[in-house]
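**Q** This is the structure, below, for whatever I ask next.
The values are calculated or read from the model by the stated rules, or taken from the named source; none is laboratory data. In this text the structure is predicted, and so the values were computed from the model without any measurement. Cβ: placed from backbone, ideal geometry, glycine included. Neighbour counts: every protein chain shown. Side chains are part of the model used for accessible areas, which takes the heavy atoms of the whole protein and leaves out ligands, DNA and RNA. Shrake-Rupley method; radii C 1.70, N 1.55, O 1.52, S 1.80 Å.
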Amino acid sequence: MNASVPMNDAILQVEHLSMKFGGLVAIGDLSFTAKRGEITALIGPNGAGKTTVFNCITGFYKPSEGMITLNRSNGSRFLLERLPNHEIPARAKVARTFQNIRLFSGMTLLENLLVAQHNKLMKASGYTILGLFGFSGYRKASAESVELAKHWLEKADLVDRADDPAGDLPYGAQRRLEIARAMCTGPELLCLDEPAAGLNPKESAALNTLLIDIKETSGASILLIEHDMSVVMQISDHVVVLEYGRKISDGSPQSVRTDPRVIAAYLGVDDEEVETVLTEVGDEDVIEQLDIGPDSAHGPGASSSFMAGPVSDTVGHSTGERITVAKGASKAEQVDAKSSTAPRKPSERATAKPKTPTAKPRGGSK
Amino acid sequence: MAVTVNPERDVVATPMQRALREALYAGAISLGLFVLFIGLKTGQNISNELVLTTRWGLLVAVVVATAIGRFLYVAYGQPFLANQKIADVATGLLPASAASRFFQLPAFIVAVVLVVLLFALNNSLAGWVGPGAAGYLQFLRALSVIYVLACVIYYFRGFIHANFTKLGIAALILYPILVVAVLSLMSWSIVGGLQGSLKWVDNYGIQILIYVMLAWGLNIVVGLAGLLDLGYVAFYAVGAYAYALLGTQYGLSFWILLPAAGAMAAFWGVLLGFPVLRLRGDYLAIVTLAFGEIIRLVLINWREVTNGSAGISGIPKVTFFGLMTFNVSDPNYIAKVLHIAQSSAYYKIFLYYLILALALLTAFVTIRLRRMPVGRAWEALREDEIACRSLGINTTTTKLTAFATGAMFGGFAGSFFAARQGFVSPESFIFLESAIILAIVVLGGMGSLVGIAVAAMVMIGGTEVLRELDFLKQVFGPDFTPELYRMLLFGMAMVIVMLWKPRGFVGTREPTAFLKERKAVSSSFTKEGHG
């Protein structure tokens with residue numbers, strides 16, 4: 001890490017970001033900051049628009065409104081919403097992974113990591129022409145790129161399988177490989193979309209180690225979407241909570257987990273049982289417990305949150321991620337309303353009761 | 001009795017019973033299929049009236065043949081294959097056991113003797129046994145040659161497998177020399193050998209190599225970058241007309257126009273690519289198909305320049321790098337310069353080596369490019385385009401380079417084609433050509449150079465071989481022309497290969513880089529691409 005840059009300099013500033021698909025507001029006026037050298041987590045119930053935020057930051061979507069500024073450590077600034085898709089990783093040095101893994105499954109692990117160094121190698125090969133005639137510059141760059149790939153394979157504990165096709169790896173290893181591939185682009189900001197989804201506790205712990213290691217040794221800042229609270233609470237320095245495309249909380253993991261709005265967003269406020277939980281807001285483990293052992297009514301469906309649909313739903317075309325905010329669906333707003341008109345009347349409760357399927361606390365809305 | 005067991009359920013039909021039943025079914029199905037196709041024939045009589053001829057005898061023959069075929073397959077074929085499988089597993093000779101029974105030394109010696117005898121007596125055969133039997137004997141000779149070659153390949157399969165590329169290139173380089181040598185020996189004269197080699201070098205060698213080169217060029221677009229291009233023949237046409245027009249109008253040399261034709265085809269590739277490459281999958285295929293047709297229609301209708309359907313004739317021949325020519329009237333005609341006998345075979349042999357060099361250049365560039373970042377980006381694009389963009393790869397320019405590189409090799413092949421034919425017309429650049437080239441790429445295994453070369457040899461060589469089967473006239477009557485059935489056989493071969501090897505002859509992928517050892521990537525992991 002460049003020591004001259006102050007630690008708390010913001011690497012990514014999202015200001016008044018809105019993303020509308022037709023009449024649907026997937027993200028509404030979202031502002032947050034990710035600091036350099038920190039791990040920032042973006043959490044929220046399913047369908048909260050987290051992946052949409054990622055797609056805006058990495059250029060897969062052009063936001064309807066707002067500004068996304070990236071400050072590189074060499075002092076240059078990029079307005080990400082104006083850069084073409086492929087220049088965001090190339091020039092602004094933002095790398096990302098995908099919710100459902102997108103590896104080049106027919107290529108070996110090593111090749112996957114070499115493809116990630118495409119732009120560097122293109123320059124070294126004189127845009128193919130010099131390399132075609134066997135100039136030594138390219139051979140040197142090629143050897144260096146293999147070394148870098150080997151370095152990241154070792155970090156991801158995959159070096160033994162370097163010559164196997166990526167599609168042959170077990171799930172957890174594919175997740176690590178995708179992170180290693182993103183790191184091979186030499187990013188300053190690494191965006192991870194649910195890196196722990198589908199991992200067993202051991203793999204999840206290995207992932208935590210890898211992420212901490214990336215943060216400490218490579219100097220890359222990390223922005224991650226995660227449902228697994230054990231990952232979020234253990235490694236993140238800063239948490240931003242979204243619900244229905246709006247930010248409902250922002251702060252340290254400790255402050256977020258005790259925020260009644262967050263608890264409400266995750267657990268809902270309408271059910272009697274949860275009402276009682278809400279009264280015990282002081283209990284810090286509420287989120288964690290309910291997240292680790294999800295029941296069918298409140299927790300994320302194992303399949304819906306871990307491997308929610310093909311990414312083409314969220315990337316390929318804009319009709320994929322539909323977020324309909326039914327009136328009174330936002331639990332965080334209800335908490336606000338409740339705290340302002342402190343003792344709720346029975347009539348109010350009756351209006352809040354009818355729920356659309358999309359207004360369920362968690363799961364199933366994607 | 002509460003539970004009754006139906007005794008008939010437990011009796012497993014013997015293979016014979018099953019075979020009889022299936023033979024009946026097959027006969028019934030073929031009867032239903034062919035009753036109108038074969039049983040009835042419409043024709044005209046002398047006063048132009050429609051008449052219906054019935055051919056019940058032929059229909060019965062076909063149906064009975066189908067039933068017997070099915071019977072034999074179920075009664076004997078299937079049990080044999082099943083036993084073979086068990087024997088293979090038991091003895092551990094998985095690929096060897098059936099084949100080693102088929103390829104045995106005594107049979108090999110008999111075949112060699114047959115080949116030598118029949119070749120030695122070639123000229124006097126017809127006089128002894130009559131032309132009909134001579135045709136069969138020639139077929140027998142061809143079968144023996146194939147058997148001998150198959151035996152050699154089988155017993156040296158380890159060696160051949162290890163050195164396939166080197167052996168293949170050596171065989172291709174020696175091919176014209178061998179053909180001339182064998183034919184000279186057969187006719188006891190060098191001139192006769194040269195004259196006889198024309199067919200083998202031109203119809204087989206050059207024809208196959210043109211398709212090998214085209215398929216290798218298309219392989220860059222379809223096999224590596226995963227962009228389905230149904231109009232590849234357009235670039236072939238651009239190359240051919242570039243040489244034909246510039247060569248006839250300005251008298252420029254082939255050696256100048258070869259790179260020019262490639263550049264022009266690449267330029268058209270980029271021009272087509274710009275609007276088209278944001279399309280994916282089926283849409284891209286349809287637009288490239290349309291582009292191929294547009295080019296052909298422009299060639300037909302722009303008469304002032306292209307001479308329309310009549311085509312361009314009198315395209316100059318290729319010279320031997322300007323040192324010697326292949327025109328008999330020129331003072332520096334090759335036979336005059338080298339003081340050898342006149343023959344048109346020199347030009348064909350020269351063209352053979354020229355197209356071999358061009359094809360090998362295509363292969364060399366493809367192999368080099370695959371190990372370069374751009375080649376890896378092509379393959380990554382085929383695997384996952386969105387992931388490519390997330391890694392900072394400019395997918396538009398990457399696709400364009402694939403299109404342009406593929407088109408360039410199509411243009412080279414086109415200018416060679418024009419020089420070889422001496423005549424081009426839009427007839428040569430129909431959609432069927434694109435389809436055949438694409439079929440070769442798919443059959444060979446997308447991305448695999450060796451597989452594609454083998455597929456081109458089988459497909460193009462196979463259709464040429466059909467011309468040689470004269471003895472079939474004895475069976476089906478003098479009107480029978482086996483060439484007419486080549487598309488049927490082509491289609492059948494494709495269906496069989498696709499059922500047997502869905503990813504083509506060579507489905508595995510060779511990695512472009514490795515840390516410890518190079519392991520082929522199984523076809524179950526590679527993708528075909530979406531655009």
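**Q** Any idea what log10 I(q)/I(0) is at q = 0.06, 0.09, 0.10 Å⁻¹ for chain B, Debye with uniform C-alpha scatterers and no solvent?
**A** Log10 of I(q)/I(0), two decimals: -0.39, -0.87, -1.05.
**Q** Multiply the residue gap between B:Leu105 and B:Glu483 by 0.36 nm, knock off their C-alpha separation, and tell me the result in nm, one decimal place. Each step should come with its number before you reach the end.
**A** On the way: separation 378, 0.36 × 378 = 136.08 nm, distance 3.50 nm.
So the extension gain works out to 132.6 nm.
**Q** Next up: Check each residue of the range A:70-100 and keep those whose accessible area, probe 1.4 Å, is at least 30 Å² smaller with all protein chains in place than in the chain alone; give them in order of residue number.
**A** A:Asn85, A:His86, A:Pro89
**Q** Once you put a point 7 Å from the Cα of A:Lys202 and another 7 Å from the Cα of A:Thr217, both along the Cβ direction, what distance in nm separates them?
**A** For A:Lys202 paired with A:Thr217, the spin-label model returns 2.2 nm.
**Q** Something else now. What number comes out for accessible area per residue over the range A:209-252 if the probe is 1.4 Å? Units Å², please. Display every interim value, and only then the final one.
**A** Values: 1250 Å² over 44 residues.
On a per-residue basis, 28 Å².
**Q** Roughly how many percent of the accessible protein surface of chain B is carbon and sulfur, given a 1.4 Å probe and a whole-percent answer?
**A** So the carbon and sulfur contribution to the accessible surface is 70 percent.
**Q** To the nearest 0.05, what FRET efficiency results for B:Ala162 and B:Phe514 with a Förster distance of 22 Å applied to their C-beta separation?
**A** Details: r = 18 Å, r/R0 = 0.83.
Plugging the Cβ-Cβ distance into 1/(1 + (r/R0)^6) gives 0.75.
**Q** At R0 = 60 Å, how high is the FRET efficiency between B:Ala65 and A:Ser255 if r is their beta carbon distance? Nearest 0.05 is fine.
**A** With R0 = 60 Å, the Cβ-Cβ based efficiency is 0.10.
**Q** What part of the accessible area of the range A:107-183, given as a whole %, is carbon or sulfur when the probe is 1.4 angstrom?
**A** Heavy-atom surface of the range A:107-183 belonging to carbon and sulfur, 1.4 Å probe: 58 percent.
**Q** Divide by every residue of chain B the summed helix terms, -39500 (n - 2.57) for each DSSP H run of at least 4, and state the resulting mean residue ellipticity at 222 nm, rounded to the nearest 500 deg cm²/dmol. Intermediate results must be reported in sequence, preceding the final value.
**A** Numbers: 25 runs with 352 residues, N = 531.
Only helices count here, giving -21500 deg cm²/dmol.
**Q** Now a separate question. Select from the range B:384-403 all residues whose loss of accessible area on going from the chain by itself to the full protein assembly reaches 10 Å² or more (probe 1.4 Å).
**A** B:Asp384, B:Ile386, B:Ala387, B:Arg389, B:Ser390, B:Leu391, B:Gly392, B:Ile393, B:Asn394
**Q** Which FRET efficiency, nearest 0.05, do B:Ala263 and B:Ala357 yield, Cβ-Cβ r, R0 25 Å?
**A** Efficiency, rounded to the nearest 0.05: 0.85.
**Q** Can you work out the Karplus-derived ³J(HN,Hα) for every residue in the range B:208-225? Use 6.51 cos²θ - 1.76 cosθ + 1.60 with θ = phi - 60°, whole Hz, and x for glycine or proline.
**A** 5, 5, 4, 6, 4, 5, 4, 5, 5, x, 5, 4, 4, 6, 8, x, 8, 7
**Q** Would you mind computing, in nm to one decimal, how far apart the modelled labels at A:Ser230 and B:Leu472 are, each placed 7 Å from Cα along Cα→Cβ?
**A** Those two pseudo-labels are separated by 7.0 nm.
**Q** Keeping all protein chains in place, calculate the accessible area per residue for the range B:163-468 (probe 1.4 angstrom), answer in Å².
**A** Details: 11780 Å² over 306 residues.
The answer is 39 Å² per residue.
**Q** Let me ask something additional. Just counting partner chain Cβ atoms within 10 Å, what average do the residues of peptide B:312-324 show around their Cβ?
**A** Average per residue, whole number: 0.
**Q** Mind giving me the nanometre distance, one decimal, between the label points for B:Ile153 and B:Leu36, set 7 Å out from Cα along Cα→Cβ?
**A** About 4.1 nm, to one decimal.
**Q** Rounded if a/c is under 1.5, else prolate if a/b beats b/c, else oblate: with a ≥ b ≥ c from the C-alpha gyration tensor eigenvalues square-rooted, which is the range B:163-468?
**A** Working: a/c = 2.08, a/b = 1.51, b/c = 1.38.
It comes out prolate by the Cα gyration axes.
**Q** Looking at the range B:350-382, which residues lose a minimum of 30 Å² of accessible area between their chain alone and all protein chains in place, measuring with a 1.4 Å probe and not counting ligands or nucleic acids?
**A** Those are B:Arg368, B:Met372, B:Pro373, B:Val374, B:Arg376, B:Ala380, which lose 30 Å² or more relative to the chain on its own.
**Q** So, one more: Pairs of alpha-carbon atoms within less than 8 angstrom and 6+ residues apart define the contacts here; what relative contact order does chain B have, in percent?
**A** 18 percent
**Q** When only the heavy atoms of the protein chains count and the probe is 1.4 Å, how do A:Asp250, A:Asp157, A:Asp164, B:Asp479 rank by accessible area, highest first?
**A** B:Asp479, A:Asp157, A:Asp250, A:Asp164
**Q** Would you mind giving the total buried accessible surface between chains A and B, with a 1.4 Å probe and ligands, DNA and RNA left out, rounded to the nearest 100 Å²?
**A** The buried area between A and B, both sides summed, comes to about 3400 Å².
**Q** Of the cross-linked pairs A:Lys202/A:Lys247; B:Lys199/B:Lys336; A:Lys35/A:Lys93; B:Lys317/B:Lys348, which ones have a Cα-Cα span greater than 20 Å in the structure shown?
**A** A:Lys202/A:Lys247; B:Lys199/B:Lys336
**Q** Can you give me the accessible area per residue for the range A:107-183, using a 1.4 Å probe, in Å²? Please report the intermediate quantities before stating the final value.
**A** Details: 3060 Å² over 77 residues.
The answer is 40 Å² per residue.
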